[in-house]
């Protein structure tokens, strides 16, 4: 039995899975992200999962987490259903492009570029404060833009393993002028088909710990609704400040990976 297998059946690991899920679920509901940026590093650091297995397990856990999040935001009429499906379709295609480009592009350069992108987004979040009354206006121009955003998100996910909410949420607020709540609810819905598609591939490649994914996913479901509820209580400016702080953590993680020159986690990290 491998170290990961033995840990994944021990009391310490069970408790860790539950704890990881509770934290990831809260952040998922609060920020409209999948939670993979929390799940993967904690699985690697606490339970010695390798990066690929951690990413695949995280992606599987995101499916129930995002589903509960979508329902929570839908209660407040904060999900743009058709735009989310357009984003998802573009993301699935983009992820395939990203994974094919993966061997041809410097991961260190990509990570530094993404850090710069996140820093620009962080600054912009303090300049553009979304209105809670803003609606998404779907027309041919915004539809094409959504496809482009979805493809770009998928490409980035395939290349460096960071995607989903950290790209879609700020893009929808800044570029499309949607409210922060609609951006988060739509982002979570977009993740579901993407995560399902990625999980099927990961299962074929034996890159998912089903016990860990189930425990993390179920635990996350208990706090996702709480996070979504808290998002409705926080004013848009405060929400932007908190999201910016979250992006700072992600940028720091990415910068550390760039400095250490770690290899890419691969396509299994989509939807994080």
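Bear in mind that the values in this text are calculations on the coordinates, not laboratory data. Just so we're clear, the structure is a prediction, and the values are computed from it rather than from any experiment. Counting neighbours? That spans all protein chains shown, and the Cβs are built from the backbone with ideal geometry, glycine included.
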Problem set entry | Extension gain (nm, one decimal) between residue 108 and residue 256, 0.36 nm per residue minus Cα-Cα | 52.3 nm
For this session: Give the angle, between 0 and 90 degrees and rounded to the nearest 10, that separates the Cα long axis of helix 210-233 from the longest principal axis of the Cα atoms of the chain.
Result: 30
Problem set entry | Residues 33, 70, 116 arranged by fewest to most Cβ contacts within 10 Å | 116, 70, 33
Seminar exercise, completed: Listed with the fewest Cβ neighbours within 10 Å leading, 256, 190 appear as 256, 190
Seminar exercise, completed: Ranked from fewest to most other Cβ atoms within 10 Å of their own Cβ, 73, 246 fall in the order 246, 73
Problem set entry | Fully extended contour minus Cα-Cα distance, from residue 77 to residue 101, at 0.36 nm per residue | 4.8 nm
Exercise. Any idea what angle helix 51-75 forms with the longest principal axis of the chain, computed on alpha-carbon atoms, 0 to 90 degrees, nearest 10?
Worked result: 40
Exercise. Where the centre of each part is set by its Cα atoms, how far does region 189-224 sit from region 27-80, in angstrom?
Worked result: 8
For this session: Place the peptides 128-134, 80-86, 248-254 in order of packing, highest mean first, counting for every residue the other Cβ atoms within 10 Å and averaging per peptide.
Result: 80-86, 248-254, 128-134
Seminar exercise, completed: Honestly region 99-178 on the Cα gyration tensor test (a ≥ b ≥ c root eigenvalues; a/c under 1.5 rounded, otherwise a/b vs b/c for prolate or oblate) is just oblate
Exercise. Could you give the angle, 0 to 90 degrees to the nearest 10, between helix 81-101's Cα long axis and the longest principal axis of the Cα atoms of the chain?
Worked result: 50
Seminar exercise, completed: Two pseudo-spin positions, 7 Å from Cα along C-beta at residue 248 and at residue 137, lie apart in nanometres by 3.5
Exercise. How long is the gain from residue 128 to residue 93 if the chain were fully straight, where each residue apart is worth 0.36 nm and the alpha carbon distance is subtracted?
Worked result: 9.6 nm
Seminar exercise, completed: In whole percents, the bins of 10 Å from zero upward hold the Cα-Cα pairs of the chain as 8, 33, 38, 18, 3, 0
Exercise. Using the beta-carbon distance between residue 226 and residue 205 and R0 = 22 Å, what value does 1/(1 + (r/R0)^6) give for FRET efficiency, to the nearest 0.05?
Worked result: 0.05
